[in-house]
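The values are calculated or read from the model by the stated rules, or taken from the named source; none is laboratory data. Computed from a predicted structure; not experimentally measured. Cβ placement follows ideal geometry from the backbone for every residue including glycine, while neighbour counts extend to all protein chains displayed.
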Amino acid sequence: MSTSSDTKTTDEQGIPATMPDTMAASNDEAPEVQVYMIYIDAPAQKIWDAVTTAEFSERFGYGGVTEIDLTPGGAVRDLTTAEMRQMGMGEVAATGTVIEVDPPRRLVMTWSPVWQDEPETTLTYEIKEYPGGASCFTLTHVLTGAPNTAKDVRGGGDAGAGGGGWPWVLSSLKTLLETDRVMPGAGA
Amino acid sequence: MFKALADPTRRLLLDALFEQDGRSLGELEAVVAVHSEMTRFGVSKHLRLLEAAGLVVTRKQGRVKLHHLNPVPIRLLHDRWIDKYTERRVTALTELKRQLEDNS
């Protein structure tokens, strides 16, 4: 698509890389509402199972067992891996409560990591399957008043040192579901 | 995705969302207006292209559509190339080990 008809004065050099001061927010801050979207060549039910049952949770992301009681008010627990426990963490990495369940399309729950003393955050998983069997998985994380948790889940750090956040977790989920392989560095 | 990144206005829009995520079309239009004269339609066209490339995701909040930066495609690209690089390095080292052991 040509863009020349839309612009009158823009050219390759015409736009400075930095925002004017009035627009600048601190780059040290992660967004309070974060949205992640990934297409996965897998049916919705398979993605749903992967993100809600212990069967898959040790094979992608940070590898801890995920326990979710899939009823409104049900408990959510992300357990630690052996490696995390060696680093001095307890049995549980994060806790939460299920708010809304509509399998295999939508799950809303609260989520609090034990390593941050901040208000609960809200996680929404939405899965939309397309004809042909591929699906779009959207994760929305609302982190009002939890700037440190927001930074932790945003990613952008060294994935090898646990800094991959949601982008890395979802990347490893895609690898697992499409190839049945655990992405290097992911899983328990 | 590379096509989506290959335009200065679209890079400006991504920069703007990196500075402050979750903005409406009107807010993003104001950012672009600082740098060039572009119609709302033009800005919206660029945003749709970024959305099609998966780099921007929209979310409705009341009657306003908010635009969010989606960092996942960048991560996928990174994983793909870093994996390839690591794989090759590991293969090279395995091969070196084999040669050294064969010679001894």
TODO: Could you look through segment B:40-60, keep only residues that are assigned to a strand (DSSP E or B) and touching a residue at least 24 places away in the same chain (Cβ under 8 Å), and pick out the one that is surrounded by the fewest Cβ atoms within 10 Å (Cβ to Cβ)?
DONE: B:ARG59
Open item on the list: Among the residues that make up segment A:124-131, is at least one of them more than 14 Å from every other protein chain (Cβ to nearest Cβ), surrounded by 15 or more Cβ atoms within 10 Å (Cβ to Cβ) and part of a helix (DSSP H, G or I)?
Closed with: no
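One line per residue, one yes/no per condition, for (1) more than 17 Å from A:SER171 (Cα to Cα); (2) among the polar types (S, T, N, Q); (3) in contact with a His (Cβ under 7 Å, 6 or more places away or on another chain); (4) at pLDDT 70 or above:
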| residue | (1), (2), (3), (4) |
| --- | --- |
| B:VAL57 | no, no, yes, yes |
| B:GLY62 | yes, no, no, yes |
| B:LEU66 | yes, no, no, yes |
| B:HIS78 | no, no, no, yes |
| B:LYS84 | no, no, no, no |
| B:ARG89 | yes, no, no, no |
| B:THR94 | yes, yes, no, no |
| B:LEU100 | yes, no, no, yes |
| B:ASN103 | yes, yes, no, no |
- [ ] Just give me the residues in segment A:72-123 being charged (D, E, K, R) and part of a helix (DSSP H, G or I), in sequence order.
- [x] A:GLU83, A:ARG85
Task: Qualifying residues in segment A:15-37 (those that are among the hydrophobic types (A, V, I, L, M, F, W, C) and modelled with pLDDT of 95 or more) - the one nearest to A:ASN148 (Cα to Cα) - done: A:VAL33
Open item on the list: Quick check on segment A:57-72: of everything there that is hydrophobic (A, V, I, L, M, F, W, C) and over 18 Å from A:ARG105 (Cα atoms), which residue is surrounded by the most Cβ atoms within 10 Å (Cβ to Cβ)?
Closed with: A:PHE60
Task: Pair list, Cβ under 8 Å, 6 or more apart: segment A:148-169 residue within 8 Å of chain B (Cβ to nearest Cβ) and more than 13 Å from A:TYR62 (Cα to Cα), other residue hydrophobic (A, V, I, L, M, F, W, C) and part of a helix (DSSP H, G or I) - done: A:ARG154/A:TRP166
Open item on the list: What's the total number of residues in segment B:1-23 that are more than 9 Å from chain A (Cβ to nearest Cβ), surrounded by 15 or more Cβ atoms within 10 Å (Cβ to Cβ) and not in a helix (DSSP H, G or I)?
Closed with: 1
Task: Tally of residues being surrounded by fewer than 16 Cβ atoms within 10 Å (Cβ to Cβ) and touching a helix residue (DSSP H, G or I) at 6+ places or on another chain (Cβ under 8 Å) across segment A:73-111 - done: 3
TODO: Report whether or not B:GLU27 is modelled with pLDDT of 95 or more and surrounded by fewer than 18 Cβ atoms within 10 Å (Cβ to Cβ).
DONE: yes
